[in-house]
Structure formats: structure tokens, C-alpha cells
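Nothing in this text is a laboratory measurement; each read-out follows from the coordinates by a stated rule. Computed from a predicted model, the values in this text were never measured in an experiment. Every residue, glycine as well, gets a Cβ built from its backbone with ideal geometry; the counts of neighbours run over all protein chains shown.
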Amino acid sequence: MDRLIEGFRRFRETYFEDNRALFSALASGGQQPRVLLIGCCDSRVDPGLIFGAQPGEMFVLRNVANLVPPFETGGTYHGTSAAIEFAVRSLEVEHVVVLGHAGCGGVRALVEGGSAEGTDFLRPWMDIARTARDRALALTLSAGEPIEAARRIAEQETVAISLANLMTFPWLRERVGDGRLTLHGWYFDVEHGDLFRLDSRSNTFQKV
């Protein structure tokens, strides 16, 4: 923990001091991000670092495997849906990015099953993307490919599933329909530092 405190001190003495005007404006004027980024809570994937974003530039929502559940109002707690609603309806962001990544632990638990056994929350949460697992395994097992290939397909499929589930939110779908909001699917390769973008015409990820 001492390392984190030291990190804060460096931030306070350098970045904060160099950007006092920015933080003052954010404190007095509130946040006005144009982008909602839905990413994984994996500690290796820091959206602000990856995209060089300034404070206040992105509204970032992180959860296990960057998943968006379908719209429904019958449950009790809706942390992900509440954050999406706030970003879209209150902050009126113009873009929503779903950012998947290579080596996702949640997807590994989904595909391989073992690490999700006996969990209270992980397994039912990852069930949102069970069709990604089924498709990935069907494609790779029939071709005799290793489990790593299935995981990568499933990681990218979770992005597509989250984008589809976003469109089940009526007020979000309305904004997409009238052009006020644009959805994007991206995938980050942690090892090689590559970014891929989902092409809506070919339904494939293309390197940026």
C-alpha cells in the first residue's frame, strides 16, 4: 500500500500541478464526457492509459468481461444498467465503446468452467455470454483447434453480445436510431498492444 501512497504523491506533485486548470474546471463545471467506455475490470487493461484520455473525457464502466446484461427491471441491483442509463440519459454521451481484451479471466471461466465452479456471482454473471462460449467451442472443436482459440473467439463474441444487449435498452435504441448515439466494439490484445475494431459490414474484428 505504501507504493500506492507514493504514487499518489507523485501524481499530486506532478500531473495534478501541471493540470490544475483542468481539475478546477472539472470540479466547478462537472463532467461532460462524450464517450461511455464499457471495459473489463482486469487490472492489466486500463482504458485511460491505453487511449491517453484526460480526466473527464471518458465515462468508464468496468465489470467482469465487459458484459452488458439485457434490459430488464425485475431485479434488485442493476449496477451496470444504472451506469449505462446515467451516461446515456443524464450525461448524453455521443459514443458507447465496448472494449474486450485478450486473456480475459471471466471468459476463461466461461469457456473452461473450472474456475467458476462454486462461485456465488461469477458463474451466473458470465451466463450472460453463454452463447459466446457455445459458438466458440462449436467452431474450434470441429476444426480441432486448441482451447486458446476458443477463448479468443469467445472474448470477441462477448463484445458483440454486449452491443446487442445495449440495443435492448429502449432509450438507448432510440438515440442510436435518430443518430444521437453511436455504438462501437473494440478488442485489445494485451501481449502485443494491438487494437481491433468490429466492422459492422463484415462482422469481423479488423486491426486499427
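Numerical summary
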item	result
Highest-first arrangement of 86-95, 62-71, 16-25, where packing means the average Cβ count within 10 Å	62-71, 86-95, 16-25
Packing-based order for 184-196, 128-140, using average beta carbon neighbours within 10 Å, highest first	128-140, 184-196
Residue among 179, 132, 158 farthest towards the positive dipole end of the chain, charges placed on Cβ	179
Extension gain, residue 19 back to residue 190 (0.36 nm per residue minus Cα-Cα distance, nm)	58.7 nm
Distance between modelled label sites at residue 131 and residue 182, nm, 7 Å Cα→Cβ extension	2.6
For region 146-161, 3J(HN,Hα) per residue [Karplus equation, 6.51 cos²θ - 1.76 cosθ + 1.60, θ = phi - 60°, Hz, x = Gly/Pro]	x, 4, 4, 5, 5, 5, 5, 4, 5, 4, 6, 5, 4, 5, 5, 5
Dipole magnitude (debye, nearest 20) for the chain, charges at Cβ of Lys, Arg, Asp, Glu	260
The chain, helix-only ellipticity at 222 nm - DSSP H runs n ≥ 4, -39,500 (n - 2.57), divided by all residues, nearest 500	-13000 deg cm²/dmol
Relative contact order [Cα under 8 Å, 6+ residues apart], the chain, whole percent	21
Region 111-169: equivalent-ellipsoid semi-axes (sqrt of 5 x gyration tensor eigenvalues, Cα, Å)	20, 17, 7
Cα-based Kirkwood hydrodynamic radius, the chain, one decimal, Å	18.5
The chain: most fluctuating residue of 145, 157, 13 per GNM, C-alpha cutoff 10 Å	13
Solvent-free Debye scattering, log10 I(q)/I(0), computed from the Cα coordinates of region 104-208 at q = 0.12, 0.21 Å⁻¹	-0.48, -1.17
